[in-house]
Structures are given as structure tokens and as C-alpha cells.
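Novice: First the structure, which I've put down as C-alpha cells, then a few questions once you've had a look.
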Amino acid sequence: MRTVAWELCIALAAVVGVGAGYLVSEGSTTAGYPSNLAKDLAELKPGPETDLILYGKRLVVNTPRLIGKAAQNPAMAYGGNNLSCQSCHLNGGLKPFAAPFVSTAATFPMLVDNKVVTLPDRINSCMRLGLNGKPLPEDSREMTALIAYLKFVGKDSPPGVRLPGSGLMPIALPGDVPSARRGETVYT
Ligand code: HEC
């Protein structure tokens, strides 16, 4: 991986506060990225497994109302802000280069700094850092549903493979000398 990509990786990891699973794609191609997932989801046959997958999808899309600040039952208010998972994982986690979930189930558990990071661990780091909240219990219906959704949208990814379009688009650094003053202006 080029240095630029690593720098971006580190900067972004700092923003979310976690390095686990934080991969920036090497290329910008999406050849081989599954394009039928929305249709496949719409065509799922009724049944308990489909209910679980679709609940997982709703959790990604309507996070604040279901498990966030806006949850009717205060015991379900795991998230601490009004973001949805799809505020960052765009289009229900299906959009290429917007941290999609298409290769997630295929590549977890993952070894990060000699530690095994499981899928529930990774989801819970987003619960804590992305949603500024607290972890979902690993045996909850919500965690089970999120994993069922990730597995379904990951059905086209062979084990261990990150499909093109996974992660985030590498952004070339500008040639300018870094400047805190310019950074402040941009930030403001
Ligand atoms: C504030 C932004 C933000 C929010 C909100 C957020 N995430 Fe993330 N999440 C990220 C970023 C950034 C990554 C790292 C992307 C990468 O490396 O592909 C990530 C990575 C992940 C991964 C690992 C993906 C992979 O294939 O490596 C999972 C799983 C995940 N998030 C689940 C969730 C779930 C579920 C929610 C909602 C409960 C959520 N995230 C909310 C920013 C967020």
C-alpha cells in the first residue's frame, strides 16, 4: 500500500478512534462489486431468517429510532447521537467506497495488532465510537440481526476476499506544505 493510503488510514482511524478493520482500498475500480444486492434483499422469501436480515437492515438505516437516542424504550438507547450506521456506511452499507459491508462477513474475525477482532467486536467499536454509545449485548436480537444482514449482503464475497470497492476511496494528498492555519480555515 502506498504511503499516502497509510497516512489516510491512520488519520481516519484517529477520527473514528479505532484501527480495526480500517482498510483503504488500493485501487479505484469497482469491477466485480455486487450490483444486485438491493434487488436480492427485496426478493427475499418470507420467513424468520428474512425477518432477521430485514431487521438488521432497518437497524443500519433507522439506527437512532431503534437503538439510538430516539428509541422509545430507554433501555434500547444504545447509541448516544443521532447518526445511523448508514450516515457513514452509505446506502445501507451497499455503496462502494463508502465503507460497504459487502466483504465484511468474509473477512472477520480479523487479526489486528496480534489481537483477534470478531464481527461483534467490530460492530461494537462503531457503537461506541461512531455512535458515541455503548456496546450491544452479543446475544441480543439486534446484534444477531446486524450479523445476519452483514452475512446476506456479503454473500458474493469469497472467504478472506475484500472485493474492489471495499473500504474507502484513497484520496491523493495535495502537494501543498501542511499548514495548521489553512486547516483551521477549512475546518471553520
Ligand atoms: C461516524 C461514522 C460511523 C458510524 C455512525 C458507524 N460506522 Fe461502522 N465504520 C466506520 C468506518 C469509517 C469504518 C472503517 C471502514 C473500512 O475500513 O472499511 C467502519 C467499519 C465498520 C465495520 C467493519 C467493516 C469492514 O468490512 O471492515 C463494521 C462491521 C461496522 N463499521 C459496523 C457498523 C454498524 C453496524 C454501525 C451502526 C450500528 C456503524 N458501523 C456505524 C464509521 C462508522
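Novice: Looking at (1) surrounded by fewer than 21 Cβ atoms within 10 Å (Cβ to Cβ); (2) farther than 28 Å from L163 by Cβ; (3) of a type in the set (F, W, Y), which one does F108 not meet, given that it meets all the others?
Specialist: (2)
Novice: Do any residues in the stretch 117-135 that are free of Cβ contacts under 8 Å to residues at least 12 places away in the same chain have Cβ atoms under 6 Å from those of residues that are open to solvent by 30 Å² or more (accessible area, probe 1.4 Å), where the two are at least six apart or on different chains, and which pairs are they?
Specialist: T118/P109
Novice: Residues of the stretch 129-159 being within 11 Å of the ligand (Cβ to nearest atom) and assigned to a loop (DSSP other than H, G, I, E, B), which ones?
Specialist: Listed by number, the residues that qualify are L131, N132, G133, P135, L136, G154, S157.
Novice: Turning to a different aspect of this structure: Return the pairs, sorted by first residue and then second, in which the second residue is open to solvent by less than 10 Å² (accessible area, probe 1.4 Å) and small (G, A, S), the first residue lies in the stretch 137-156 and is in contact (Cβ under 8 Å) with a residue 12 or more places away in the chain, the beta carbons are less than 6 Å apart, and the residues are 6+ apart or on different chains.
Specialist: A145/G56; L146/G56; A148/G56; Y149/G56
Novice: Also: Residues to consider are R182, R162; find the one that is within 11 Å of the ligand (Cβ to nearest atom) and among the basic types (K, R). Steps first, answer last, please.
Specialist: Working: R182 fails: within 11 Å of the ligand (Cβ to nearest atom).
When all the criteria are applied, what remains is R162.
Novice: Still on this structure: For residues that are near the ligand (Cβ under 8 Å from one of its atoms) and among the polar types (S, T, N, Q), scanning just the stretch 102-128, find the one that is farthest from S157 (Cα to Cα).
Specialist: In this case the residue turns out to be S125.
Novice: Next up: Out of curiosity, is V116 modelled with pLDDT of 95 or more, open to solvent by 30 Å² or more (accessible area, probe 1.4 Å) and among the aliphatic types (A, V, I, L, M)? Show your work before the answer.
Specialist: Working: modelled with pLDDT of 95 or more: yes; open to solvent by 30 Å² or more (accessible area, probe 1.4 Å): yes; among the aliphatic types (A, V, I, L, M): yes.
Against the criterion (modelled with pLDDT of 95 or more, open to solvent by 30 Å² or more (accessible area, probe 1.4 Å) and among the aliphatic types (A, V, I, L, M)), V116 qualifies.
Novice: It is to be established whether one or more residues within the stretch 38-56 are surrounded by 14 or more Cβ atoms within 10 Å (Cβ to Cβ), at pLDDT 95 or above and within 13 Å of the ligand (Cβ to nearest atom).
Specialist: Yes - at least one qualifying residue is present in the stretch 38-56.
The rows are residues; the columns are (1) touching a helix residue (DSSP H, G or I) at 6+ places or on another chain (Cβ under 6 Å); (2) among the hydroxyl-bearing types (S, T, Y).
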| site | (1), (2) |
| --- | --- |
| S103 | no, yes |
| A106 | no, no |
| L111 | no, no |
| V116 | no, no |
| C126 | no, no |
| G133 | yes, no |
| L150 | yes, no |
| S157 | yes, yes |
| V177 | no, no |
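Novice: Here is a list of conditions, (1) more than 19 Å from S125 (Cβ to Cβ); (2) within 11 Å of the ligand (Cβ to nearest atom); (3) aliphatic (A, V, I, L, M), and A99 meets all of them except one; can you say which number that is?
Specialist: (1)
The values are calculated or read from the model by the stated rules, or taken from the named source; none is laboratory data. Being a predicted model, the structure only gives us computed values, none of them experimental. All Cβ positions, glycine included, derive from the backbone under ideal geometry; neighbour counts span all protein chains shown. Side chains are part of the model used for accessible areas, which takes the heavy atoms of the whole protein and leaves out ligands, DNA and RNA. Shrake-Rupley method; radii C 1.70, N 1.55, O 1.52, S 1.80 Å.
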